[in-house]
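The values are calculated or read from the model by the stated rules, or taken from the named source; none is laboratory data. Source: prediction; values computed, not measured. Quick note on the areas: whole protein, heavy atoms, side chains included, nothing else; ligands and nucleic acids left out. Shrake-Rupley method; radii C 1.70, N 1.55, O 1.52, S 1.80 Å.
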Amino acid sequence: MNILLIEDDQIEVMKLNRVISKLGLYHTIIEAKNGEDALQILNEKDTLPDIILLDLNMPRINGIEFLSILKKDEVLSYIPAIMLTTSNNQRDLIECYKLGIAGYVLKPLRFEEYASKIEKLLEYWSINELKVNK
């Protein structure tokens, strides 16, 4: 599975890669530091990601702004986007679902809990039949 990870915190990037490695998964992670970089990646690639994992609070284009742009694009709007965030703000959650987010996952502090959530998330999306190509 090709995963576009949009995350400005390098520790979070390393944490996700560590979980994928620990679980013995062979997913390809494409990294973007913010929404602006992610849009460039999406517009330049021949093969689109199967899912997008993104943070809510990022510089340049934040998660909600990115999601709004993504869901207006005829091709890109079908890519499932899952918010990985520490924000449990109800307004953020509702806004994300209004825009068409596929999931909203709170990042727990404990690594074991984080790994468990990521494992379940990736298991679900790896069996999903939706494949989008440019």
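Annotations for the structure displayed:
- In order along the stretch 4-18, phi translates into HN-Hα couplings of 8, 9, 10, 8, 8, 9, 4, 5, 5, 4, 5, 5, 5, 4, 5 Hz, rounded to whole numbers, per the Karplus curve 6.51 cos²θ - 1.76 cosθ + 1.60 with θ = phi - 60° and x for Gly and Pro.
- Accessible surface of Leu121 - all protein chains present, 1.4 Å probe, nearest 10 Å²: 20
- Relative contact order %, the chain, counting alpha carbon pairs below 8 Å whose residues are six or more apart: 25
- For the stretch 80-85, putting each phi into the Karplus relation 6.51 cos²θ - 1.76 cosθ + 1.60 with θ = phi - 60° gives couplings of x, 10, 10, 7, 10, 8 Hz, in residue order, rounded to whole numbers and with x for Gly and Pro.
- Accessible area in the full protein assembly, largest first, 1.4 Å probe, for Tyr26, Tyr104: Tyr26, Tyr104
- Rounded if a/c under 1.5, otherwise prolate or oblate - the stretch 5-115, Cα gyration tensor axes: oblate
- Pairs of Lys residues in the stretch 1-101 are counted when their Cα atoms are under 26 angstrom apart and they lie 8 or more places apart or on different chains; the count is 11.
- Global geometry of the stretch 50-134, whether rounded, prolate or oblate, following the gyration tensor of its Cα atoms and the 1.5 cut on a/c: oblate
- Choice from Gly103, Gly24, Gly63 with maximal GNM fluctuation in the chain (Cα, 10 Å cutoff): Gly24
- Solvent exposure, largest accessible area first (probe 1.4 Å, DNA, RNA and ligands not counted), of Met58, Met1, Met83, Met14: Met14, Met1, Met58, Met83
- Shape class of the stretch 1-41 from the alpha-carbon gyration tensor: oblate, with a/c at 1.5 or above and b/c at least as large as a/b.
- Normalised by the number of residues in the stretch 63-134, the mean separation of alpha-carbon contacts (under 8 Å, six or more apart) gives a relative contact order of 31 percent.
- The share of accessible area on the chain that comes from carbon and sulfur is 49 percent, using a 1.4 angstrom probe.
- Probe 1.4 Å, all protein chains present, accessible-area order of Ile69, Ile79, largest first: Ile69, Ile79
- Computed with a 1.4 Å probe over protein heavy atoms only, the accessible surface of the stretch 1-97 comes to 52 Å² per residue.
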